[in-house]
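This report refers to the structure that appears directly beneath it.
Please treat every number below as a calculation from the coordinates, not as lab data. All figures in this text were calculated on a predicted structure; none of them were measured in a lab. Don't worry about glycine lacking a Cβ; one is built from the backbone with ideal geometry, like all the others, and counts go over all protein chains shown.
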Amino acid sequence: MAQRSGRPHTATFTRSYHQSATTSVITQSLRQEVGEIADARGQASIEQTETQLIISVEAADLTALRAGINTWLRLVTVAESVHALGDTISDNPWVWIRAFFTHESVLHNMQGNLPPEAQEKLEELQDLQETAQKVAAQREQAESTLTESETALSALEELDEDTMMYREVGELLVETEYDTAEEELEDKVDSLEIRVEQLKKQEQRVQQQFESLQEELQQMLQGSGGGGPMGPGGAGA
């Protein structure tokens, strides 16, 4: 990056991601902050390749340069963490990341670590992420078993009722009547359909809880305010 008059100190760092979609989401969430935290002593620019985020920081002195680097490293870390959470629950993780990057939250992040209350909210979000993963796995398993049972029931209906039937009992195959086998399969399908619907509703509740916590965290960060190393009252002032 070419040096500009009055800003002789520059630094560039790069983050690499496995998917171009991830790179785009995180880059967009950070780009809106470039103009917000620039001042007379320092500014930054962001570039993007298919799988890389490139941030260049330029400052008038080493103190401002160090402050700027720390600021952007924090912002990138937060964006990556929120993306990881949102990607599990939402098909549009950009929605989750945008909410964290209002001007007030950026200024607070420039002060240092998140306050204890905000950290607790993040931990709750992480717990919800684990819950969402477990519920999703259970739903997928139930849907798979339901499909297998429906296929078996369809195949059974094509057989002659006099066909000799067997069912599994542990490691044994026990002879059973056609009507009994059909009734058991129908009951299994009905139970699985109810189970799948219950798990879908549970997933919706988890997502609603995630949205609520995410909004609380956003409001908490917005309300904390404060100046940062390259913001009002900070080193870059």
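A few points about this structure:
- Of all residues in region 128-147 being of a type in the set (Val, Ile, Thr) and in contact (Cβ under 8 Å) with a residue 24 or more places away in the chain, the one that is nearest to GLN214 (Cα to Cα): THR131
Matching residues to (1) closer than 23 Å to GLU130 by Cβ; (2) surrounded by 13 or more Cβ atoms within 10 Å (Cβ to Cβ); (3) without any contact (Cβ under 8 Å) to a residue 40 or more places away in the chain:
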residue: ASP162; (1), (2), (3): no, no, yes
residue: LEU172; (1), (2), (3): no, no, yes
residue: ALA181; (1), (2), (3): no, yes, yes
residue: GLU186; (1), (2), (3): no, yes, yes
residue: GLN204; (1), (2), (3): yes, no, yes
residue: GLN207; (1), (2), (3): yes, yes, no
residue: LEU213; (1), (2), (3): yes, yes, no
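- Among the residues of region 138-196, those that are more than 28 Å from VAL206 (Cα to Cα), of a type in the set (Val, Ile, Thr) and part of a helix (DSSP H, G or I) comprise THR151, THR180.
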